[in-house]
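Notes follow once the structure below has been shown.
The values are calculated or read from the model by the stated rules, or taken from the named source; none is laboratory data. Bear in mind that the values here come from a model prediction, so they are computed numbers and not experimental data. Positions of Cβ are backbone-derived with ideal geometry, glycine not excepted, and every protein chain shown enters the neighbour counts.
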Amino acid sequence: MCDNMFVVTGGPGSGKSTLIDALRDRGFASMPEAGRAIIRDQVQIRGTALPWADKVMFAELMLGWELRSWHEASALEKPVLMDRGVPDVVGYLTLSGLRVPAHVEAAAKTYRYNRMVFIAPYWEDIFGQDAERKQDHEEAEATNRVMADTYTRFGYQLVELPTVSVGERVAFVLDHLKAE
C-alpha cells in the first residue's frame, strides 16, 4: 500500500479533474486520468480501443495507464492525487456488464492506495458532455454507484466530496489530508 497516493473517483463530469487541478496549483503532485487521454489518442490514430467501440481493449489500456501511474507516484514521497485508480478499471468493466478478468482483479488487490478515497458524487449543475465524455446523466450516476461499491469491496474508506465551489472542495480535501 502506498499511503501517499490519494484516489479521487466518481462518475464523469463530477468535478474530479477540476479539483485535482486546483490542488496541483497549490503544489500537490498528481497523476492524470487515463480515460480521456486514451480516448484522445485512439481518436487521433483511428484506433478502436474506445468505450463506444472495444470496451475490453479500452479497459486493458486503462489498466496499463493506471499501473504506470501507480509506479510513478510510488516513487514520490509527498502526497499524490490520483485521478482514478486501478479499481476504476474493475468498476468500468462491471458497469459495462463485462467479466472482470483475473489479472485485473489481481491488479486491484496488489496495487493499493491510501485507504481514504475521495468520491465525487453526480452533480447535475456541473455535469456536461463533450467529445470524450458521451455518457448521459443516468450513466454518470450509475458510474458513481459502481465506483463506490467497487472501492468499498476492495476495503477502501470512501469520503464523499461535497457539492460546493472548487475552493470549498479544496479546503475539504486539505482538512482530510491533514487528519490522515
Being in contact with a Phe, Trp or Tyr (Cβ under 9 Å, 6 or more places away or on another chain) and under 27 Å from Ala171 (Cβ atoms) is the requirement here; does Lys55 meet it? no
Do you know which of the residues in the range 143-157 that are of a type in the set (Phe, Trp, Tyr) and not in a helix (DSSP H, G or I) is surrounded by the most Cβ atoms within 10 Å (Cβ to Cβ)? Tyr156
Residues of the range 61-111 being of a type in the set (A, V, I, L, M) and touching a Leu at 6+ places or on another chain (Cβ under 8 Å), in sequence order, are Leu81, Val86, Val89, Val100, Val104, Ala107
I need a count of the residues in the range 4-26 that are at pLDDT below 90 and of a type in the set (Val, Ile, Thr). 1
Which numbered condition Gln44 misses (of (1) surrounded by 21 or more Cβ atoms within 10 Å (Cβ to Cβ); (2) outside any loop (DSSP other than H, G, I, E, B)): (1)
Among helices (runs of 4 or more DSSP H) entirely inside the range 53-113, those with 2 or more residues being touching a residue at least 40 places away in the same chain (Cβ under 8 Å) and touching a strand residue (DSSP E or B) at 6+ places or on another chain (Cβ under 9 Å) are 55-74, 86-95
Checked the range 23-39 for anything surrounded by fewer than 18 Cβ atoms within 10 Å (Cβ to Cβ), assigned to a helix (DSSP H, G or I) and not charged (D, E, K, R); matches are Ala37
Can you find a residue that is modelled with pLDDT of 85 or more, at negative phi and in contact with a strand residue (DSSP E or B) (Cβ under 7 Å, 6 or more places away or on another chain) anywhere in the range 34-43? no
